[in-house]
Ligand SMILES: Nc1ncnc2c1ncn2[C@@H]1O[C@H](COP(=O)(O)OP(=O)(O)O)[C@@H](O)[C@H]1O
Ligand SMILES: Nc1ncnc2c1ncn2[C@@H]1O[C@H](COP(=O)(O)OP(=O)(O)O)[C@@H](O)[C@H]1O
Ligand SMILES: [Mg+2]
Ligand SMILES: [Mg+2]
Ligand SMILES: [Mg+2]
Ligand SMILES: [Mg+2]
């Protein structure tokens, strides 16, 4: 287990302790057991709150994106495990400024049940909640069953764009509509080269040979579409772009942002090698690339691999994507 | 070889092609063979230039730190190999705005020979050059032979602080003095958990068992001070802090910045676990922490491990450290 | 009538049963899933026991507090489903200090339906829903405490027998659908133990 | 006298020798270092050959152009040292169209000293410096082209013999100091081949 940790059962709490110690200007812990992170700075009354939540081990997702122009609060589960409904309810309570709260998170069974339950809990306190689920992973279900897809890195676009709308003072209905439009316009696919280790499990989540890769694998090691010998970078990038563009064709004049994301261990050098092909494919389709994101935005701890995310933009989404935001992991404007 | 690449001999050129394609607002390629990266924006006449250079495979070091308030140009070698003197001379030529150029880089034999040689070449063209070498890795030589130490992540502090001085209009002599003061006040140590693969070599640079770590290892896998079973995070952090503070004792009232840096694969979660101890040790010594840096600042591609760097500050250095800077990998202010 | 005293006694029996079944439930879940079902139930019941002394007389408010204690203790699917069922019953009996045992069938069905909505699953999928459904049906028209207890236990056990050879269709176990034939669904097993403990039929 | 014609002929012979010795030099370097010395020399000489047609008559300027071509082709230690030596000689003979063969010893010593300064290494460390030192000493007082050539080759070969059993002290090979005893230093081997080629003694 090539991890730097103490008692595995303290992995998440120690991570959060270090996070707030390093960035007190950005993050503050809340909740009975310290599993809610909210902005260090008070937000103004009447601002729509945006909360997310999910398992740990994906930094900067989820916790990292709490910040100005982004999220208001996040409920934090153990590595790859859903937070409890009560923790989510706490996140909602912290985020509420009287204008309602959008629950914006990835489509995983446990998270959905718990966020729904959290909504029931805070309903007793008259906090109005809406929900937008990210289900952007094209490898996880056919287009006919879109709603069953997993939520992956597309989340980052939704956080950014909905966060900007809320910061700009839009109401809950509009923030929700904009988040849903973003979710509808995101498509992602990942490819993994190596596994990662959940601290409490103590051994790799799955096994993959030294010369193999898996196309379409999910961020917890969920099965993909094929496993085979590692291919050249340009072939991998081409196939990933094929699968994204098949699912969401682009045509001349379209404006799109693209994220080339490392799952953790894959270095930026290799992301840039891939980006050459990504850029060419989008330009060949006649699309204009807006604010490409190349780096580590949504990870699985030390997993080697990449994901690509397309986010198709209209004028409204593009303006919000480019609006300022600020957290310890990402700044725009 | 768990890397995403095409022909290994194109690894660096394809990385650079992707880098400038993704960030045209920050970086531009120069030089006969495109192995010099300079700022996309012209800098004003009369500004002191700062160049660096070294092997590839350490992003954001070196190339990434070309930007406002940071470096002017960088000469780029193959993975872990020195650029040529001619490439370095090109970087110096691009960076020169008539006020002279500081060569600011890490202490490695090949780089030193080539940068000296590059200085001889541009001397024919009346460009005045100075040199400051980073030699911050306390594990690589005893205090009596300080000048033989390798340069590692301390470089980032030197780029930032000297870069701010040059941006503020200070002259070559002052920028050089400030860079030297920064170098003198930086101490680093690394610990590696896994190796990495130089693309053209095609196999791991060194072998290390699944349950082993090496304390004091260099960023290319140079030997450290011990190799043994992996220890708990808090023990690792304590020993690293012991070694740094032995070499550069801090006392009550000292102000210091600290970098907790991933060598690549180690995720931010684990950096934060370590940061708890780093913070406590510095505070126990009576020091005040200024602008802690936790993340991936100087890497060895997909190597797992961490490094800590202390940078002791006086008023001059602290002001410059906090001054604005902007590149694709780092923004301050 | 079932009042606060009966509720507290039920909590005691259930908490004890879950401590006893910790390993067995973990193992049943581990065969097809992530092996945490014993953890979920033990932690949940411990959390409820801690609140027991402070529970209000209003049965609805008392059950709501139990549900909240349970959700606080874990984010697992089963814990959330249990809390969902409890909350549905809590809403129904809110304002009452006691309920008639004859209401058992209706309340079990209420919980079942809330949990169906929460988990977006159907009946017949070899889950805890089928156990509750069987309990609701077996207890229909029963109000004598003793007969009610026997009927509930029989319902839960019959559901396990009926579904044992079917494939799992929900949650992590779905991936191992074939392997799961012949094995009890861990959530159904847990519900059987819950019913037995509440019925005092261990 | 050595003029441009002799320089061009020397470049041709040296470039051919380096193509021939490519594998051998890589192997010698690979035993203790990173195995790129053949690459360095072949690429460097190819770069010089490309410039050959455009070289000026001024021997100093011609050698400067050769040095620059060499540095452009690689960032390896040996390439930089070679270019450093060439530049030192270039500075000395700047403005002349020819030099007397009797200057060979002095010019070899000049290159040696410049390379010592660049590489911050001492004589006696089993490096290319010791080869150049031996050549400078062996050619002292010699001006007859034939005897000069023999003396230079003998000097380079004697240096290899003298140092073979000593440990490496510089560069990557230093880490393998013990293993390196009994093996030729790759940089000394390359210098012997260079001297032989320039001397026309293959
Ligand atoms: N969506 C669902 N609908 C109904 N029952 C479910 C659902 N998901 C899980 N279950 C029940 O919960 C049991 C597993 O619970 P648990 O171990 O907590 O799941 P996990 O560890 O995957 O969160 C299953 O045996 C099944 O009876
Ligand atoms: N600092 C130095 N001073 C003198 N000679 C050196 C020095 N460094 C290397 N050499 C010579 O160069 C040879 C190795 O050159 P090269 O293969 O280019 O090194 P590298 O691949 O490590 O850059 C050695 O055999 C030695 O003769
Ligand atoms: Mg489970
Ligand atoms: Mg679970
Ligand atoms: Mg070599
Ligand atoms: Mg080399």
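Some observations on this one:
- Only one entry in D:115, D:82, D:87 is part of a helix (DSSP H, G or I), in contact with a helix residue (DSSP H, G or I) (Cβ under 7 Å, 6 or more places away or on another chain) and modelled with pLDDT under 95, namely D:87.
- In segment D:138-157, the residues that are more than 28 Å from residue D:186 (Cβ to Cβ) form Cβ pairs under 6 Å with partners that are outside any loop (DSSP other than H, G, I, E, B), at six or more places apart or across chains, as follows: D:143/D:101; D:143/D:102; D:145/D:101.
- Beta carbons closer than 9 Å, at least 6 apart along the sequence or on distinct chains, never pair a first residue in segment D:32-50 that is in contact (Cβ under 8 Å) with a residue 24 or more places away in the chain with a second that is within 16 Å of ligand 3 (Cβ to nearest atom).
- You will find that of C:75, C:35, the residue that is within 12 Å of ligand 1 (Cβ to nearest atom), surrounded by fewer than 21 Cβ atoms within 10 Å (Cβ to Cβ) and part of a loop (DSSP other than H, G, I, E, B) is C:35 and no other.
- Of the residues examined, residue A:122 is one that is within 14 Å of chain C (Cβ to nearest Cβ) and either within 29 Å of residue C:87 (Cα to Cα) or under 12 Å from the mean Cα position of the chain (by Cα) (or both).
- Scanning segment B:215-235 for residues that are without any contact (Cβ under 8 Å) to a residue 60 or more places away in the chain and either in a loop (DSSP other than H, G, I, E, B) or crowded, with 21+ Cβ neighbours inside 10 Å (or both) gives B:223, B:230, B:231, B:232, B:233.
- Condition check for residue C:95: at pLDDT 95 or above, assigned to a helix (DSSP H, G or I) and away from ligand 2 (no atom under 16 Å from the Cβ): no
- Here the helices (runs of 4 or more DSSP H) wholly within segment A:61-179 that include at least 2 residues being modelled with pLDDT under 95 and more than 16 Å from ligand 1 (Cβ to nearest atom) are A:109-123.
- Breaking point among (1) buried (at least 17 other Cβ atoms within 10 Å of the Cβ); (2) touching a residue at least 24 places away in the same chain (Cβ under 8 Å); (3) not in a loop (DSSP other than H, G, I, E, B), for residue A:9: (1)
- Checked against the criterion of being more than 21 Å from residue A:33 (Cα to Cα) and in the same structural domain as residue A:63 (by TED's automatic domain parsing), the candidates A:121, A:134 yield just one match: A:134.
- Candidate set from segment B:82-96 (those that are in contact with a strand residue (DSSP E or B) (Cβ under 6 Å, 6 or more places away or on another chain) and surrounded by fewer than 24 Cβ atoms within 10 Å (Cβ to Cβ)); member that is nearest to the other protein chains (Cβ to nearest Cβ): B:94
- All conditions but one from (1) touching a residue at least 40 places away in the same chain (Cβ under 8 Å); (2) out of contact with any helix residue (DSSP H, G or I) (no Cβ under 6 Å at 6 or more places or on another chain) apply to residue B:297; the one that does not is (2).
- Consider segment B:99-119 and keep the residues that are more than 12 Å from chain D (Cβ to nearest Cβ) and under 20 Å from residue B:186 (Cα atoms). The one that is nearest to ligand 3 (Cβ to nearest atom) is B:106.
- Per-region count, segment B:210-234, residues within 11 Å of another protein chain (Cβ to nearest Cβ) and modelled with pLDDT of 95 or more: 7
- Checking residue C:103 against (1) away from chain A (no Cβ under 14 Å); (2) within 16 Å of ligand 1 (Cβ to nearest atom); (3) surrounded by fewer than 20 Cβ atoms within 10 Å (Cβ to Cβ), the condition it does not meet: (2)
- Residue C:44 meets the conditions (1) within 16 Å of ligand 4 (Cβ to nearest atom); (2) within 13 Å of chain A (Cβ to nearest Cβ); (3) at pLDDT below 95 in every case but one. The failed one is (3).
- Unique match (being more than 14 Å from every other protein chain (Cβ to nearest Cβ), more than 16 Å from ligand 3 (Cβ to nearest atom) and touching a strand residue (DSSP E or B) at 6+ places or on another chain (Cβ under 7 Å)) among C:8, C:59: C:59
- Each residue in segment C:51-71 was checked for being in contact (Cβ under 8 Å) with a residue 24 or more places away in the chain and either within 16 Å of ligand 4 (Cβ to nearest atom) or under 22 Å from residue C:1 (Cβ atoms) (or both), and 12 pass.
- Residue D:155 meets all of the listed conditions (1) more than 12 Å from ligand 2 (Cβ to nearest atom); (2) crowded, with 22+ Cβ neighbours inside 10 Å; (3) within 14 Å of chain B (Cβ to nearest Cβ) but one, namely (3).
- Scan of segment D:135-161 for residues that are in contact with a helix residue (DSSP H, G or I) (Cβ under 7 Å, 6 or more places away or on another chain) and part of a loop (DSSP other than H, G, I, E, B), ordered by number: D:139, D:140, D:142, D:143
- Residue, surrounded by the most Cβ atoms within 10 Å (Cβ to Cβ), within segment A:180-205, restricted to residues that are in contact with a helix residue (DSSP H, G or I) (Cβ under 7 Å, 6 or more places away or on another chain) and modelled with pLDDT under 95: A:199
- Subset of segment B:3-42 that is within 30 Å of residue B:131 (Cβ to Cβ) and at pLDDT below 95 - its residue that is farthest from the other protein chains (Cβ to nearest Cβ): B:42
- Restricted to segment A:44-65, and to residues there that are in contact with a strand residue (DSSP E or B) (Cβ under 8 Å, 6 or more places away or on another chain) and farther than 16 Å from residue A:298 by Cβ, the residue that is farthest from the other protein chains (Cβ to nearest Cβ) is A:48.
- Out of B:309, B:266, sole residue that is under 30 Å from residue A:273 (Cβ atoms), touching a strand residue (DSSP E or B) at 6+ places or on another chain (Cβ under 7 Å), surrounded by 20 or more Cβ atoms within 10 Å (Cβ to Cβ) and at the interface with chain A (Cβ under 9 Å from one of its Cβ atoms): B:266
- Residues in segment C:162-181 that are within 16 Å of ligand 4 (Cβ to nearest atom) and not in a helix (DSSP H, G or I) were compared, and the one that is nearest to residue C:113 (Cα to Cα) is C:170.
The values are calculated or read from the model by the stated rules, or taken from the named source; none is laboratory data. Because the structure is a prediction, the values reported are computed rather than measured. Glycine also receives a Cβ, built like all others from the backbone with ideal geometry; neighbour counts cover every protein chain displayed.
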